[in-house]
Amino acid sequence: MIPITFISHASDFLGDTNTGLTGPKIAELFSEYAVQYNVNIPFGEYPFDSPNKRTALKENLKAFSSDQQFIILKDLCELEHFKSNSDVKDLKIKLLSRYGNLGKEINEILIHEVRHWLSDYPESLKVYTEALRKFDNQIFERNIMDDLRLSLELLLKGILKNNKPLEKQTSDIGAYIREKGVSKELINMFIKLVDYYCHYQNTYVKHNDAVVENEIEIIFEMTSSFMKFISRIK
């Protein structure tokens, strides 16, 4: 749980009169979070019916769960607006060091970032979101793994501009990330991991209805890490 004292402290910097976010920007960002998390916020329109924008920001934050607050605060700290703000950089360090354990069984921050990077690839995002829905509802069936595989496959088809199945993409992946200046060592490791991933899927999922439930989480996070990496370096 993030204490109200920290929420107030963060709001003072993020909503600072001179260096913080503007009132309209606070309303815009929090309205997006309200829709994303299906939460009612007290100050979704500007001008605010509150003493100041710091108060509006704080009260909006209080409407969310601790897990959601963590993600929102991290997002806000990483905005381009605060790129040179040493106070906000220090705030982010405090947030991560004190409350970095917040989140669901699957790394919620990673999930949030992946969905952001997949916004340019709606077909992949749709399948990935469906896999996440099944996980959240504890629907541990074979098709949750199928969804993860397909979402990664669709992303690679979109980025590499081909129509190859996942297991045929390793050489194209290597060539693509090599063009982006990635080190030889990381290229080799990434390709090897994708190869192992395909082998796992083919052995335990694609040709077998049995799903090992306690392995789903690591496969979910591995898929997410692959997708985040390949989409960020484009």
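Residues satisfying the criterion are present in region 62-76 (criterion: modelled with pLDDT of 95 or more and of a type in the set (Lys, Arg)).
Is it the case that some residue within region 39-46 is surrounded by fewer than 18 Cβ atoms within 10 Å (Cβ to Cβ) and touching a residue at least 40 places away in the same chain (Cβ under 8 Å)? Within region 39-46 (the criterion being surrounded by fewer than 18 Cβ atoms within 10 Å (Cβ to Cβ) and touching a residue at least 40 places away in the same chain (Cβ under 8 Å)), the answer is no, since none of the residues qualifies. Every condition in (1) in contact with a Ser or Thr (Cβ under 8 Å, 6 or more places away or on another chain); (2) at pLDDT 95 or above; (3) within 30 Å of residue 57 (Cα to Cα) holds for residue 151 except the one numbered (3). Residue selection: residue 59 fails the criterion of being of a type in the set (Asp, Glu), under 14 Å from residue 75 (Cα atoms) and either touching a Ser or Thr at 6+ places or on another chain (Cβ under 8 Å) or surrounded by fewer than 20 Cβ atoms within 10 Å (Cβ to Cβ) (or both). Summed over region 175-191, residues that are in a helix (DSSP H, G or I) and surrounded by fewer than 15 Cβ atoms within 10 Å (Cβ to Cβ) total 8.
Taking region 149-173 as the range and being small (Gly, Ala, Ser) and closer than 15 Å to residue 121 by Cβ as the test, the residues that pass are 151, 158.
Once region 220-234 is narrowed to residues that are among the β-branched types (Val, Ile, Thr) and closer than 12 Å to residue 190 by Cβ, the residue that is surrounded by the most Cβ atoms within 10 Å (Cβ to Cβ) is 230.
Return the pair list, or none, for Cβ contacts closer than 7 Å from residues in region 66-84 that are closer than 17 Å to residue 4 by Cβ to residues that are of a type in the set (Ser, Thr, Tyr) and surrounded by 14 or more Cβ atoms within 10 Å (Cβ to Cβ), at least 6 apart or on different chains. Partner pairs satisfying both residue conditions: 68/37; 70/99; 72/33.
Quick one: is residue 166 crowded, with 16+ Cβ neighbours inside 10 Å, over 20 Å from the mean Cα position of the chain (by Cα) and either closer than 21 Å to residue 218 by Cα or at pLDDT 95 or above (or both)? Taking the combined requirement at face value, the residue satisfies it.
Entry remark, region 22-38: residues being surrounded by fewer than 20 Cβ atoms within 10 Å (Cβ to Cβ), in contact with a Gly (Cβ under 7 Å, 6 or more places away or on another chain) and under 13 Å from residue 61 (Cβ atoms) number 1 in total.
Within region 136-163, the set of residues being buried (at least 20 other Cβ atoms within 10 Å of the Cβ), among the hydrophobic types (A, V, I, L, M, F, W, C) and over 13 Å from residue 227 (Cα atoms) comprises 144, 145.
The values are calculated or read from the model by the stated rules, or taken from the named source; none is laboratory data. For clarity, every value in this text was computed on a predicted model and none was experimentally measured. Cβ: placed from backbone, ideal geometry, glycine included. Neighbour counts: every protein chain shown.
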